[in-house]
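This report refers to the structure that appears directly beneath it.
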Amino acid sequence: MNHESIRFLEEQAARRRIDILNLIYKAKTGHIGGSLSSIDVLTALYYHVMDVDKIKAGDPERDRFVLSKGHSVEGFYSILADKGFFPKEELSTYAQFHTRLACHPTSKIPGVEVSTGSLGHGLPVAVGMAIALKRDNRKSHVYVVMGDGEQGEGSVWEAAMAGPAYKLDNLTAIVDRNHLQISGNTENVMCLEPLADRYRSFGWNVVCINGNDFGEIIPALLTRVPGKPTAVISDTVKGKGISFMENQAAWHHKVPTEEQYQQAMEELEQKLKIN
Amino acid sequence: MKTETKGSCRKAFTSTLNALAYEYPDINAVTTDARGSVTLEQFAQEHPEQFVEMGIAEQDAVSVSAGMALTGKNVFVCGPACFLTTRSLEQVKVDVAYNKTNVKVVGVSGGLSYGPLGATHTTVTDIAQIRCIFNMTVLLPADAVQTEAITRQLAQFHGPVYMRMGRGDVYDVYPKGEEFTIGKAKQLRDGSDLTIIACGEMVWYAVRAAEKLEQDGIHARVLDMFTIKPIDREAVLKAARETGHILTVEEHSVYGGLGGAVAEILSQELPTPMKIMGLPDEDIILGNSSELFTYYGIDGDGIYKGAQELLKK
C-alpha cells in the first residue's frame, strides 16, 4: 500500500463518517458507535478490495459482502449511494416513512446481497454462499462483517465449525472488535477472550489488526490461506473519529444534540481537510 | 372397499429428489446429521457435490441453505420437523422468508410420528408457527403418491416452502400418477351434509369417516387441503355454501393450524358451524401414531363421532 492509496481511502472514510453523522442526526435514530468503528473496513472493501463493477452488474463471479452486524448500516448506505447503487438523494429518506433504507439493510436495496438485522445470521449465510461458489468453481470471495457482541450468538459458532470443515478459503470473516456492546464492555457482558485463539482452535487462519488503519486492513482482507477461511480480528475504536463518542458504550445508539452535532461535524471536516 | 396399501412419504420424497437432482443440477440437499432419518443416504452417495452435511446444527443448516440459494441453488434443507421448525424458526423467518430465498424446509417425522420419544420430538405447532410468516408456502402431503408429485413440482417452484411429512408408512390415498396443483384442494368425495377438510395423514382417516357416515345416510364431502398456505379459500367457501357444516382435522394442535386457517376465512366471510379436530393444548401421552390418533379421537371412528356432534349442533 503506497501512501497515496492510503490517503485516498482515509478521505473516503472521512466522507462516509460525515454521512453517518448526518443520517443519524437528521433521522434521530441509528447506531452511530458501531458504524464509525467499522466504516474503515467497509471502505477498504468497496474502494480497494472488491470489484464493485462486477457487483453492480450482478456478475455471478462477483465478490459477496454480508453486513452481519446489520445495525451498522448508515456507513454501508453511504458507500452504496456513493458507488451509484442508488441515488445519493435517497439517503435523506433513511429511517423515514415508507423508505427502503431501513435501520438494518434489506435486499430490496440495490447492492445489498442479503437482508440482515438479527445477529448471528451473517456468518452462516456467508458460509452457504462460499460452499456453493466454491463448488461452482467461482473466483468470488465472500466477506462478512460481524460485531464483537454478536459473537455471543451460538449460530456464529455453528458456522465457525462449518467454515474450516468445508475448507472455505474463499471466505473472510471480519469481527469489528470495538470492545463495547450495548450494555458495556464485552468482557463484562459475556467474556469473548481469547477471541483470536477461539477462531484459531476452530481451524481458521486468524489475522489480528488495527481495524482503523488502512495499512493493516488491506493486507488482512487480501490474505488467503489454501484450505482455510480467514478470520480478521479487527481491533477498532467504537465511535472512531468523533472524540467524545470514542470508547463510550452510551454512543452505541445515542443521537447527538445540536451542539454535539456541530462539534462532531467540525472534527470530521477537520479530518477531511488534513487529507 | 378401498385397498389398504401403504407407502413412505420420506422415501417417496428422497427417491424423487434423487432422480430430479440429475435433471436439475441446481437442486441441493442440506441436512443436520439426519441423512439416515430423512433417508438421504442414496442422495449423498450419488450427488456428493449437491449434498451438504451441517452436523447437528439446525440454525446453521437453514442459514447456510439460504446462502447457497442466494447463489442460484434450489436448496432442500431436511431434518426432523420438530427441530427444523422450532430450533431454527428465526432462520426460517429471516433467512428464508424475509430474504425470499429459494429454500425448501423439509421436515420429516412430523406430528406424533416419533410416538414414544416424547414431547421434545412432537411437531404439533409447526403449521401455526410457519403459516404466519409471510412469503412461506406450507404443504402437508397425505401419502407417498402426493409427496412424489409435489416434490416434482418443487424442482421448478421458486421460493420459500415448508413441507412436513411423517415417519412411518402411511395408507395410500391416491392411485399412482394422480396429479395435484399447489394451492388447490383435492376433493376426494363429494357430499352435501358436511365437509371434512383434512391434511397430511389425517386425509386417509377422513375418507374412512366419510364412508362410515355414508352408511348412516350422511353425505360428507372430503377435501385434502395439502396446501395450507396459500389456502384454497374458494374450495373452503364453496364447501361451506354447499354443505353447511365444516369439520377440520389435523395432526397438529387445535390452535393455529388448518382449523385456524379455515376459521379465519369462514368467520369473516361466511360464518358456518365448524368443528376443529386435532391435538389438545396439553402434554401429549406416549404411544405410536395410530394409538395416539385413536386416543385423541382423530382416527376414522373419532372423526365419524366428531361429524355427528357437529351435525347435532
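Flag: A:Gly120 matches the condition of being open to solvent by less than 30 Å² (accessible area, probe 1.4 Å) and not in a helix (DSSP H, G or I).
The residues on offer are B:Val94, B:Val75, and the sole one that is outside any helix (DSSP H, G or I) and touching a Ser or Thr at 6+ places or on another chain (Cβ under 9 Å) is B:Val75.
Sub-6 Å Cβ pairs linking a first residue in region A:20-49 that is aromatic (Phe, Trp, Tyr) to a second residue that is part of a helix (DSSP H, G or I) and open to solvent by less than 10 Å² (accessible area, probe 1.4 Å), at least 6 apart or interchain, are A:Tyr46/A:Ile79; A:Tyr47/A:Leu9, ordered by first then second residue. Scanning region A:73-113 for residues that are of a type in the set (Val, Ile, Thr) and under 21 Å from A:Glu11 (Cα atoms) turns up A:Val73, A:Ile79.
The rows are residues; the columns are (1) within 15 Å of A:Ala162 (Cα to Cα); (2) in contact with a helix residue (DSSP H, G or I) (Cβ under 9 Å, 6 or more places away or on another chain); (3) facing chain B (nearest Cβ under 8 Å).
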| site | (1), (2), (3) |
| --- | --- |
| A:Lys108 | no, no, no |
| A:Ser115 | no, yes, yes |
| A:His121 | yes, yes, yes |
| A:Met129 | yes, yes, yes |
| A:Ala132 | yes, yes, yes |
| A:Asp136 | no, no, yes |
| A:Ser140 | no, yes, no |
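Within region A:211-230, the set of residues being buried (at least 22 other Cβ atoms within 10 Å of the Cβ), touching a Pro at 6+ places or on another chain (Cβ under 8 Å) and not in a loop (DSSP other than H, G, I, E, B) is empty. Filtering B:Ser253, B:Ser267 for residues that are outside the structural domain of B:Ala144 (by TED's automatic domain parsing), in contact with an Asp or Glu (Cβ under 9 Å, 6 or more places away or on another chain), among the polar types (S, T, N, Q) and open to solvent by 10 Å² or more (accessible area, probe 1.4 Å) leaves a single hit, B:Ser253. Of everything in region B:49-71 that is over 25 Å from A:Asp63 (Cα atoms) and of a type outside the set (Gly, Ala, Ser), the residue that is least open to solvent (accessible area, probe 1.4 Å) is B:Glu58. All told, A:Val66 meets the bar of being touching a strand residue (DSSP E or B) at 6+ places or on another chain (Cβ under 8 Å) and outside any helix (DSSP H, G or I).
Table: residues versus (1) touching a strand residue (DSSP E or B) at 6+ places or on another chain (Cβ under 8 Å); (2) without any contact (Cβ under 8 Å) to a residue 40 or more places away in the chain.
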{"position": "B:Met202", "(1), (2)": "yes, no"}
{"position": "B:Leu213", "(1), (2)": "yes, no"}
{"position": "B:Glu242", "(1), (2)": "yes, no"}
{"position": "B:Val254", "(1), (2)": "yes, yes"}
{"position": "B:Ser267", "(1), (2)": "no, yes"}
{"position": "B:Leu270", "(1), (2)": "no, yes"}
{"position": "B:Met274", "(1), (2)": "yes, yes"}
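What about A:Gly84, is it open to solvent by 10 Å² or more (accessible area, probe 1.4 Å), more than 10 Å from every other protein chain (Cβ to nearest Cβ) and either more than 25 Å from A:Phe202 (Cβ to Cβ) or out of contact with any Leu (no Cβ under 6 Å at 6 or more places or on another chain) (or both)? The answer is yes for A:Gly84. Residue under question is A:Val225, and the condition is that it be in contact (Cβ under 8 Å) with a residue 12 or more places away in the chain and touching a helix residue (DSSP H, G or I) at 6+ places or on another chain (Cβ under 9 Å); does it hold? No. Within region B:62-74, residues that are more than 7 Å from chain A (Cβ to nearest Cβ) and under 17 Å from A:Gly120 (Cα atoms) sit with their Cβ atoms under 6 Å from residues that are part of a loop (DSSP other than H, G, I, E, B) and at pLDDT 95 or above, at 6+ positions apart or across chains, in these pairs: B:Val62/B:Ser88.
The values are calculated or read from the model by the stated rules, or taken from the named source; none is laboratory data. Bear in mind the structure is a predicted one, so any value in this text is a computation, not a measurement. Note: ideal-geometry Cβ built from the backbone for every residue, glycine included; neighbour counts use all protein chains shown. Quick note on the areas: whole protein, heavy atoms, side chains included, nothing else; ligands and nucleic acids left out. Shrake-Rupley method; radii C 1.70, N 1.55, O 1.52, S 1.80 Å.
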